[in-house]
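Asks: Handing you a structure now.
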Amino acid sequence: ACGSNLEYDECGVCGGDGIPAGDCDCNGNVEDCAGVCGGDAVVDECDVCDGDGSSCSGYFNVEISETGESTLFIFQDTITSLDIGDELGIFDSMGVLDNVGNVGEILVGSGVWDGNQLEITSVNSIDLTQFGGAILPGAVSGNDMSLKLWDASEEVEFEATYETSAGDGTFNDLFTAISEVYTCE
């Protein structure tokens, strides 16, 4: 009995509100990315929980800077043709290559397949010259996304086609959901 009509909360505080929102225990700890209360696992630069940064330094390395404009490509877990460790490269065959506005094939996004849904965000180009700014390289809005696959086990790059369940496969500032990937192996 801690007082008139008051009870102890789960943290042992008389009339308390219990574990604060966002915390996972009475000591102020929060869950890490692995779901461990008070754990120290963090998401690495490759977007892997408790990773060492090695999974993104693979075959397809995007070498252009973020522009703030993008399209999301969602590779659904329904895909059966990919093996864990395979890499996907998202290209625009007529993208902006440099700050002068030259066009050609450019890698604008990449990711490593781990068997679960994979979300790859493209870097889309921006032309700020009308405001006295620069041209930032990337995919061009309205262009079709072309896909390449690095087969990690065979160490071979393939041109790939894909089937969509939502979206149309263009760089459109929205998203495309991809339900299957095909190669001409």
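The values are calculated or read from the model by the stated rules, or taken from the named source; none is laboratory data. Note that the structure is a prediction, hence the values are computed from the model and not measured. In this analysis, Cβ positions are derived from the backbone assuming ideal geometry, glycine residues included, and neighbour counts consider all displayed protein chains. Surface accessibility is based on the protein's heavy atoms, side chains included, excluding ligands, DNA and RNA. Shrake-Rupley method; radii C 1.70, N 1.55, O 1.52, S 1.80 Å.
Asks: 5 Å is the cut-off here: which amide hydrogens, built 1.01 Å from N in the peptide plane, fall below it relative to Thr67, excluding neighbours closer than 5 in sequence?
Replies: The answer is Asn124.
Asks: Under the 0.36 nm per residue contour assumption, what length would be gained going from the current alpha-carbon distance of Glu105 and Val156 to full extension?
Replies: Going from the current span to full extension adds 16.5 nm.
Asks: Quickly rank 151-159, 132-140 as a protection proxy: mean count of other C-beta atoms within 10 Å, highest first.
Replies: 132-140, 151-159
Asks: Here's a follow-up. 5 Å is the cut-off here: which amide hydrogens, built 1.01 Å from N in the peptide plane, fall below it relative to Val108, excluding neighbours closer than 5 in sequence?
Replies: For Val108, the qualifying residues are Ile90, Phe91, Asp92.
Asks: Grab the beta carbon distance between Met94 and Tyr182, set R0 = 22 Å, and tell me the FRET efficiency rounded to 0.05.
Replies: The calculated FRET efficiency here is 0.45.
Asks: If you place +1 on the Cβ of every Lys and Arg and -1 on the Cβ of every Asp and Glu, how big does the dipole about the Cα centre of the chain come out, in debye to the nearest 20? Mind dumping the intermediate values first?
Replies: Details: 1 positive and 38 negative charges, 124 e Å.
Here the chain has a charge dipole of around 600 debye.
Asks: Let me ask you something else. Just to be sure I understand: with springs between alpha-carbon atoms less than 10 Å apart, which residue in Asp47, Asp144, Asp25 has the highest mean-square fluctuation in the Gaussian network model of the chain?
Replies: Asp25
Asks: Ok, one more. Counting only protein heavy atoms and using a 1.4 Å probe, what share of the accessible area of the chain belongs to carbon plus sulfur, as a whole percent?
Replies: Accessible surface attributable to carbon and sulfur in the chain totals 46 percent.
Asks: Rolling a 1.4 Å sphere over the protein heavy atoms, what is the accessible area per residue of the chain, to the nearest Å²?
Replies: Value for the chain: 57 Å² per residue.
Asks: Let me ask you something else. Note down the relative contact order for the chain as a percent, whole number, built from C-alpha pairs under 8 angstrom at least six residues apart.
Replies: Working: 439 pairs, mean separation 34.1, N = 185.
Once divided by the residue count of the chain, the mean separation gives 18 percent.
Asks: Which sequence of Asp173, Asp32 reflects their accessible areas, 1.4 Å probe, from the largest down? All intermediate terms of the calculation are to be shown ahead of the outcome.
Replies: Numbers: Asp173 75, Asp32 20 Å².
Reading off the accessible areas and sorting them downward yields Asp173, Asp32.
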